[in-house]
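**Student:** Quick one: structure below, then a few questions.
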């Protein structure tokens, strides 16, 4: 696997996550800020980590896999610089997720949290609204503050 193949896969994940977002919200002004690829095997995980190591650095080492800070990747809904390679996990058969920034997180939370597919995840430094729809092979998240802010990256 090459880094260009990783970028291409991340673009597919963002596009699909945006379709998921559009299917469940009326919010049109969002931007991507973070992408996670869910690996499907240990071999794929190792190949992806090897492919990204020379083009970025580990900004955060999480229990489920490293988050790399990379050169900006432009998508149809903005650019992102954080790309996580998630270890294979039977609980996450999807291909990945994209994390979106909304204009007003608190209004978004009030509007959508009680709707089907949305749930709240609280973490020590942030909270995330998760959007899951089994008709899609990706997930969408809305974090506050963003992971870039939590990690103090620019």
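**Student:** If I ask for residues that are closer than 23 Å to residue 91 by Cβ and part of a helix (DSSP H, G or I), which ones from the range 30-51 would you list? Steps first, please.
**Tutor:** Within the range 30-51, the first condition is being closer than 23 Å to residue 91 by Cβ, and the residues that meet it are 34-49.
Those that are closer than 23 Å to residue 91 by Cβ and part of a helix (DSSP H, G or I): 42, 43, 44, 45, 46, 47, 48, 49.
**Student:** If you don't mind, another one. Would you tally the residues in the range 117-130 being out of contact with any helix residue (DSSP H, G or I) (no Cβ under 8 Å at 6 or more places or on another chain) and in a loop (DSSP other than H, G, I, E, B)?
**Tutor:** Our first condition is that a residue be out of contact with any helix residue (DSSP H, G or I) (no Cβ under 8 Å at 6 or more places or on another chain); within the range 117-130, this holds for 119, 121-124, 127-128, 130.
Those left that are additionally in a loop (DSSP other than H, G, I, E, B): 123-124.
Of the residues in that region, 2 qualify.
**Student:** I'd like the full set of residues that are without any contact (Cβ under 8 Å) to a residue 40 or more places away in the chain, surrounded by fewer than 17 Cβ atoms within 10 Å (Cβ to Cβ) and in a strand (DSSP E or B), limited to the range 52-67.
**Tutor:** First, the residues of the range 52-67 that are without any contact (Cβ under 8 Å) to a residue 40 or more places away in the chain: 53, 56-58, 61-66.
Still in the running and surrounded by fewer than 17 Cβ atoms within 10 Å (Cβ to Cβ): 53, 57-58, 61-64.
Residues satisfying the conditions are 57, 58, 61, 62.
**Student:** Against the definition (surrounded by 20 or more Cβ atoms within 10 Å (Cβ to Cβ), modelled with pLDDT of 95 or more, at negative phi and assigned to a helix (DSSP H, G or I)), how does residue 17 come out, yes or no? Spell out the reasoning first.
**Tutor:** Details: surrounded by 20 or more Cβ atoms within 10 Å (Cβ to Cβ): yes; modelled with pLDDT of 95 or more: yes; at negative phi: yes; assigned to a helix (DSSP H, G or I): yes.
Spelling it out, residue 17 is indeed surrounded by 20 or more Cβ atoms within 10 Å (Cβ to Cβ), modelled with pLDDT of 95 or more, at negative phi and assigned to a helix (DSSP H, G or I).
The values are calculated or read from the model by the stated rules, or taken from the named source; none is laboratory data. Predicted model, so just to flag it, every value in this text is computed and none were measured. Backbone-built Cβ (ideal geometry, glycine too); neighbour counts: all protein chains shown.
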